[in-house]
Amino acid sequence: MKISFDFDSTLSEPEMQELALKFISKGVDVSVTTSRREKMQGLNFSNEDLFEVTDKLGINRDKVVFTNFNPKYQYLKDFDMHFDDDEVEINDINNFPIKCIGFFFEPKVNTNLEKQY
């Protein structure tokens, strides 16, 4: 089984990291498919936050795909599942004829911050 996670607001969240670790412990092939660019010309840009999490989880860096803002379904044809916080990406994955099933993840809002403002 092959499973993919978006990074920003998905695998960056602790509860999704726990889910990824459960899949990994069961021998599932876990990858990251992110809309980010791998490199940005002329900008002081880094994906170190992403790699810090994937390294901690034991996801090899060669299992991280940067789509450069292209639709993710184009990269997920051979995957069984993909978790993402972007409803458009999930709808595309579930509406195009690929075997991958997209699962929408809605990160929890920090209610403590809301109360302060």
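The values are calculated or read from the model by the stated rules, or taken from the named source; none is laboratory data. Small disclaimer: the values here were computed from a predicted structure and weren't measured. Please note: Cβ atoms are built from the backbone with ideal geometry, for glycine as well, and neighbour counts cover all protein chains shown.
What number of residues within the stretch 1-53 satisfy the criterion of being touching a residue at least 40 places away in the same chain (Cβ under 8 Å) and closer than 20 Å to Asp80 by Cβ?
Count: 14.
For the stretch 1-51, which positions are among the basic types (Lys, Arg) and under 12 Å from the mean Cα position of the chain (by Cα)?
The one that is among the basic types (Lys, Arg) and under 12 Å from the mean Cα position of the chain (by Cα): Arg36.
Tell me, which strands (runs of 3 or more DSSP E) wholly within the stretch 15-96 include 3 or more residues that are polar (S, T, N, Q) and modelled with pLDDT of 95 or more?
In the stretch 15-96, 29-34 are the strands (runs of 3 or more DSSP E) which contain 3 or more residues that are polar (S, T, N, Q) and modelled with pLDDT of 95 or more.
Only one of Asp49, Asp78, Asp55, Asp84 is crowded, with 16+ Cβ neighbours inside 10 Å and among the acidic types (Asp, Glu). Can you tell me which?
Answer to the check: Asp84.
State whether the residues of the stretch 21-28 include one that is in contact with a helix residue (DSSP H, G or I) (Cβ under 7 Å, 6 or more places away or on another chain) and within 22 Å of Glu106 (Cβ to Cβ).
yes
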